[in-house]
């Protein structure tokens, strides 16, 4: 018996969501067993709905964690696939992902990432963030998986629970969820052949810095819930220590990003990758100093009022 697949795409007016949907329509997979839920806002009007594609409007901007959770509530699938609105899947993406679920004890599969190389800052941002998940990286199990290209059985979702809606941006909610999945006894399988081309709109130094700071701010490495579980050294527990060690930490993390020989051709981005890693350290120090904005964690966050979702409010946490 074939599994029914729900592809859930959080969308905040992506300028390429039409290309993402076109790439899904072109998959070498039986799309009669698929539904696509685009959750969020479609200001440009690029989402063409039909029997395959449904737009779940939130009426107001919401974080991707909230959009994904809402998508799961609306989804019918036995397999849930999370895809970001700036990720264009390869033609074989879905068939490769689904083939892994024929294997015994495979309950979670994350796919690979391929980068565009035309813009220096976009390329550096991708390398700094997703180098462990390149489509040229080896397959196997991982300690974490990014949610831009992630699939799982519905029973896993029912065991692990939803994404933490307190995360106000795409930075940390996927690490949090995949750590909880591992703690629930599930293996995180990485399948690089099921890749997507990541096309973020971050194309300037300012974009790279802001993205890196956000990743550091909401990193599980400075989350007290996970520091013991991850076996992190004491340096991650005090903001002064992180700032003092930032130059060395950033250098080490940048060197690790280029361990993949397929990235050596982009070694000219090393200075920008190093800057991104410094930004991560700065964001982590902000978190440890308590200078962090969270959204309320509440199942009431998406309650409707007169048919319109209530705007989210932030608070210090």
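Scanning the range 156-182 for residues that are surrounded by fewer than 23 Cβ atoms within 10 Å (Cβ to Cβ), under 17 Å from residue 84 (Cβ atoms) and in contact with a strand residue (DSSP E or B) (Cβ under 7 Å, 6 or more places away or on another chain) yields one hit, 168.
The one condition from (1) crowded, with 20+ Cβ neighbours inside 10 Å; (2) in contact (Cβ under 8 Å) with a residue 60 or more places away in the chain; (3) out of contact with any helix residue (DSSP H, G or I) (no Cβ under 9 Å at 6 or more places or on another chain) that residue 67 does not meet is (2). Checking 277, 313, 286, 304 one by one, the residue that is at pLDDT below 95 and closer than 26 Å to residue 203 by Cβ is 286 and no other. Those strands (runs of 3 or more DSSP E) of the range 118-201 in which 2 or more residues are modelled with pLDDT of 95 or more and closer than 20 Å to residue 259 by Cα occupy 140-142, 188-198.
Residues of the range 83-105 that are outside any helix (DSSP H, G or I), farther than 16 Å from residue 169 by Cβ and either touching a helix residue (DSSP H, G or I) at 6+ places or on another chain (Cβ under 6 Å) or in contact (Cβ under 8 Å) with a residue 60 or more places away in the chain (or both): 83, 87, 88, 89, 90, 91, 92, 101, 105. Residues that are more than 25 Å from residue 133 (Cα to Cα), touching a helix residue (DSSP H, G or I) at 6+ places or on another chain (Cβ under 8 Å) and surrounded by 12 or more Cβ atoms within 10 Å (Cβ to Cβ) within the range 227-272 comprise 235, 237, 238, 239, 241, 242, 243, 245, listed in sequence order. Note on the range 107-155: residues that are out of contact with any helix residue (DSSP H, G or I) (no Cβ under 6 Å at 6 or more places or on another chain), closer than 14 Å to residue 270 by Cα and crowded, with 18+ Cβ neighbours inside 10 Å total 3.
Looking at the range 183-220, which of its residues are buried (at least 19 other Cβ atoms within 10 Å of the Cβ), within 17 Å of residue 146 (Cα to Cα) and out of contact with any strand residue (DSSP E or B) (no Cβ under 6 Å at 6 or more places or on another chain)? Passing the criteria: 199, 200, 211, 212, 214, 215, 216, 217, 218, 219, 220.
Determine which member of the set 65, 23 is in a helix (DSSP H, G or I) and either over 21 Å from the mean Cα position of the chain (by Cα) or within 22 Å of residue 156 (Cβ to Cβ) (or both). After ruling out the rest, the residue left standing is 65. Please enumerate the residues belonging to the range 73-82 that are in contact (Cβ under 8 Å) with a residue 60 or more places away in the chain, more than 18 Å from residue 133 (Cβ to Cβ) and not in a loop (DSSP other than H, G, I, E, B). Result: 79, 80. Of everything in the range 5-35 that is in contact with a helix residue (DSSP H, G or I) (Cβ under 6 Å, 6 or more places away or on another chain) and closer than 15 Å to residue 56 by Cβ, the residue that is surrounded by the most Cβ atoms within 10 Å (Cβ to Cβ) is 10. Here residue 183 passes the criteria (1) touching a residue at least 40 places away in the same chain (Cβ under 8 Å); (2) farther than 21 Å from residue 227 by Cβ except the one numbered (2). Of all the numbered requirements in (1) modelled with pLDDT of 95 or more; (2) in contact with a strand residue (DSSP E or B) (Cβ under 7 Å, 6 or more places away or on another chain), residue 58 misses one, and that requirement is (1). The single condition among (1) in a helix (DSSP H, G or I); (2) within 27 Å of residue 22 (Cβ to Cβ); (3) within 18 Å of the chain's Cα centre (by Cα) that residue 112 does not meet is (1).
The values are calculated or read from the model by the stated rules, or taken from the named source; none is laboratory data. Quantities reported herein were computed from a predicted structural model and do not represent experimental measurements. Ideal geometry is used to build each Cβ from the backbone, glycine not excepted, and the neighbour counts take in all protein chains shown.
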